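The values are calculated or read from the model by the stated rules, or taken from the named source; none is laboratory data. Everything numeric in this text was worked out from a predicted model, so none of it was measured. Don't worry about glycine lacking a Cβ; one is built from the backbone with ideal geometry, like all the others, and counts go over all protein chains shown. For accessibility, only protein heavy atoms count, side chains too; no ligands or nucleic acids. Shrake-Rupley method; radii C 1.70, N 1.55, O 1.52, S 1.80 Å.
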Amino acid sequence: MIDVPLQSVQTNGKLMKATFCPDKGMNLTSLMFDDIEVIDQSTRNLFEERNAGLGALIGPHFYHRKNPPRVPNPSAFPHISRLKSPGSDEPFSHGIGRYVSWNYTASNKAISGHLSGKDTYGGMPLSALEGFDFEMNFNAQATANGLEVEMNVESPTAPTIAGLHYYYALDNHAGVVRMSSQDQYNDMGTLKPIPPEWKDPENGALAFNLKWASDYGFRPRTQDFSGDAELATGTRRLHIHYQAGSDEQALQLYHPLGASFVCIEPVTAKNPRDAKQRKNHLKVRIQSL
């Protein structure tokens, strides 16, 4: 496994250290501000089993597809034999990008990666594994404003998506996610009104208490294709800002009941289970407050 560490000092004086694994799906395996780790290390088992957990990517597709292509040589991906998701034949949940090695260059402050459907893994072209040709570009920088990540994902023939699926650690399984959200949320493709108990009584903004489970999508109120979220736990306060290339964008909030983590996922689709765009651009900044 190749570890690529990036490092910078934030304007608030905190030392930030980010570690990426370009040969394991460009996973962000660690993100520390001073001595506080913000990526849930208890999800490392998911990383070791199937390149998920920790700081996984989303792309070129989201979650599971109805009719994924057959993998000619499943032995090249040991995780496939361990999949036990009822009713799904999806071998590459959230896209091939997190399961293979990336072509990359790096310094002590930045890493850039490229992945193409023309690349091969185990003798198989990635376009055959994903089901269509694609290009993915990834760039991460350690800056004075935190960790900045930029993704570009596109295909000449199929809708694609770009997103981050980072598993942020909670303290004692507790925390609150705040954002200025529209009054509806996406529940597996169905829009529903946000319940009053999810809102801050003072300003009406979303204040989702992580005592509840979530696998929902939220849309920001802004008109400039951007969004912001803040995660507050006992020892951590993170601010996550994203900028997309169009109005096809949202924040997915994933938190199983009682889990030690929450995933705050910027994605380039209003409904990621029904992506519309062939070309996607996403910029994300993660800061410690």
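Data for the structure
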{"read-out": "Sequence-separation-based contact order of the chain, relative, with Cα cut under 8 Å and 6+ spacing, percent", "value": "18 percent"}
{"read-out": "Under-5 Å amide H pairs with Val100, H placed in peptide plane, nonlocal only", "value": "Gly25"}
{"read-out": "Whole-Hz ³J(HN,Hα) from phi, Karplus 6.51 cos²θ - 1.76 cosθ + 1.60, for the range 90-103, glycine and proline x", "value": "6, x, 10, 4, 6, x, 5, x, 8, 10, 10, 6, 9, 6"}
{"read-out": "Choice from Ile161, Ile240, Ile194 showing the highest fluctuation, given a GNM over the chain with Cα pairs closer than 10 Å", "value": "Ile194"}
{"read-out": "Selected from Ala169, Ala207, Ala128 as most flexible by GNM, with the chain as the system and alpha-carbon contacts under 10 Å", "value": "Ala128"}
{"read-out": "Centroid-to-centroid separation of the range 203-232 and the range 1-73 [C-alpha atoms, Å]", "value": "22 Å"}
{"read-out": "Per residue accessible area in Å² of the range 101-231, where ligands, DNA and RNA are left out and the probe is 1.4 Å", "value": "45 Å²"}
{"read-out": "Accessible area of the chain belonging to carbon and sulfur atoms, whole % at 1.4 Å probe", "value": "49 percent"}
{"read-out": "Selection from Asn203, Met16, Tyr166, by position along the positive dipole direction of the chain (Cβ)", "value": "Tyr166"}
{"read-out": "Projected area, mean over directions - the range 107-261, Cα convex hull, nm²", "value": "12.0 nm²"}
{"read-out": "Equivalent ellipsoid, the range 200-289 (semi-axes from 5 times Cα gyration tensor eigenvalues, Å)", "value": "23, 15, 13"}
{"read-out": "Shape category assigned to the range 1-105 from the gyration tensor of Cα positions, a/c cut at 1.5", "value": "prolate"}
{"read-out": "Answer label for Kirkwood radius over Cα pairs in Å (calculated), chosen among (1) 24.5; (2) 19.1; (3) 19.9", "value": "(2)"}
{"read-out": "Gyration tensor (alpha-carbon) shape descriptor, the range 82-185, a/c threshold 1.5", "value": "oblate"}
{"read-out": "Value at 222 nm in deg cm²/dmol, rounded to 500, when DSSP H runs of n ≥ 4 in the chain each add -39,500 (n - 2.57)", "value": "-1000 deg cm²/dmol"}
{"read-out": "Dmax and Rg, reported as Rg then Dmax, of the range 25-66 (C-alpha, Å)", "value": "12.0, 44"}
